[in-house]
Amino acid sequence: MRVSEIFYSLQGEGFLAGLPSVFVRLAGCPLRCRWCDTKYGWDEKAGAHYSIAKIVRTVQRWPCKFVVITGGEPMINSDLPELVQKLKAIGKHITIETAGIVFIPDLACDLMSISPKLSNSTPTEPELAAVHEDSRLDMAVLHGLIDNYKYQLKFVTDSQADLPEIQQTTEKIGNVDTEKVMLMPQAKTRDELLAKSPMVAEMCKRTGFAFCNRLQVLLWNNQRGT
Ligand code: SF4
């Protein structure tokens, strides 16, 4: 598998925020979001080749139950089911962070952390935008993921204008438990996060959606490896 990085930090986002976790960042993502904070992981050939056994050995360097498989987009990797199975076999709690563009059945995953991409993520370059718009939202895939896995839905929120689109998207997916929906400020720096958080907090108070922090930005200003 192509691995961008493996590191130990705190889960920064979602309902498990604050838990010490090992992150396995797999390379490759077709979406090219405008504000992506892991562009170094876009290329499927980015990073280094690891066997599944080497990933498992590396994860075991840290005495930590929680493992987050992220990207890039980990669900495009055909070896993902075997990796998840091997990590589960050594007692790990597995979160998969995905944009929700591919469905894989029967993963031994404890939490599917889904971040469906809104139109605020569309790249400005026309060629990239076309690919992005073609694949960023697949309602059947999203529906399949929430029906088959324990999940959370995180929407990257740039402004108040995003709210109707967030509500329409959850309605279109159907069967969404609104207590599992989170709004996360779009922010790559600590200053941006602090500036946008009050607005997103007010949106959460109005709608009942949960506020999603970004501890990796707040604590370490989004340095690589955090
Ligand atoms: S889906 Fe995630 S990894 Fe892929 S481009 Fe968008 S933000 Fe970056």
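The values are calculated or read from the model by the stated rules, or taken from the named source; none is laboratory data. Since this is a predicted model, take the numbers as computed values, not measurements. Cβ sites come from the backbone with ideal geometry, for glycine too, and all protein chains shown count toward neighbours. Heavy atoms of the whole protein, side chains included, go into the accessibility calculation; ligands, DNA and RNA do not. Shrake-Rupley method; radii C 1.70, N 1.55, O 1.52, S 1.80 Å.
Just a few scattered comments:
- Single unsatisfied condition, Y40 versus (1) of a type outside the set (D, E, K, R); (2) buried (at least 18 other Cβ atoms within 10 Å of the Cβ); (3) within 11 Å of the ligand (Cβ to nearest atom); (4) not in a loop (DSSP other than H, G, I, E, B): (2)
Yes/no per residue for (1) assigned to a helix (DSSP H, G or I); (2) modelled with pLDDT under 95; (3) basic (K, R); (4) within 23 Å of R2 (Cβ to Cβ):
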residue	(1), (2), (3), (4)
Q85	yes, no, no, yes
I101	no, no, no, yes
L128	yes, yes, no, yes
V156	no, no, no, no
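- Looking at A17, A46, just one residue is outside any helix (DSSP H, G or I), touching a residue at least 12 places away in the same chain (Cβ under 8 Å) and within 16 Å of the ligand (Cβ to nearest atom), and that residue is A46.
- Qualifying residue in segment 20-27 (condition: within 16 Å of the ligand (Cβ to nearest atom), open to solvent by less than 50 Å² (accessible area, probe 1.4 Å) and either aromatic (F, W, Y) or over 22 Å from G91 (Cβ atoms) (or both)): yes
- A residue that is out of contact with any His (no Cβ under 9 Å at 6 or more places or on another chain), closer than 30 Å to D162 by Cβ, within 11 Å of the ligand (Cβ to nearest atom) and not polar (S, T, N, Q) can be found somewhere in segment 76-89.
- Close pairs (6 angstrom Cβ cut-off, 6 or more residues apart or separate chains): within 14 Å of F209 (Cα to Cα) in segment 134-163, open to solvent by 20 Å² or more (accessible area, probe 1.4 Å) anywhere: Q152/F15; Q152/K180; L153/K180
- Selection status of I55, at pLDDT 95 or above, in a helix (DSSP H, G or I), more than 20 Å from P123 (Cβ to Cβ) and open to solvent by less than 60 Å² (accessible area, probe 1.4 Å): yes
- The set of residues in segment 80-106 that are of a type in the set (S, T, Y) and free of Cβ contacts under 8 Å to residues at least 60 places away in the same chain contains only T98.
- Counting only residues that are in contact with a Phe, Trp or Tyr (Cβ under 8 Å, 6 or more places away or on another chain) and polar (S, T, N, Q), segment 121-147 holds 1 of them.
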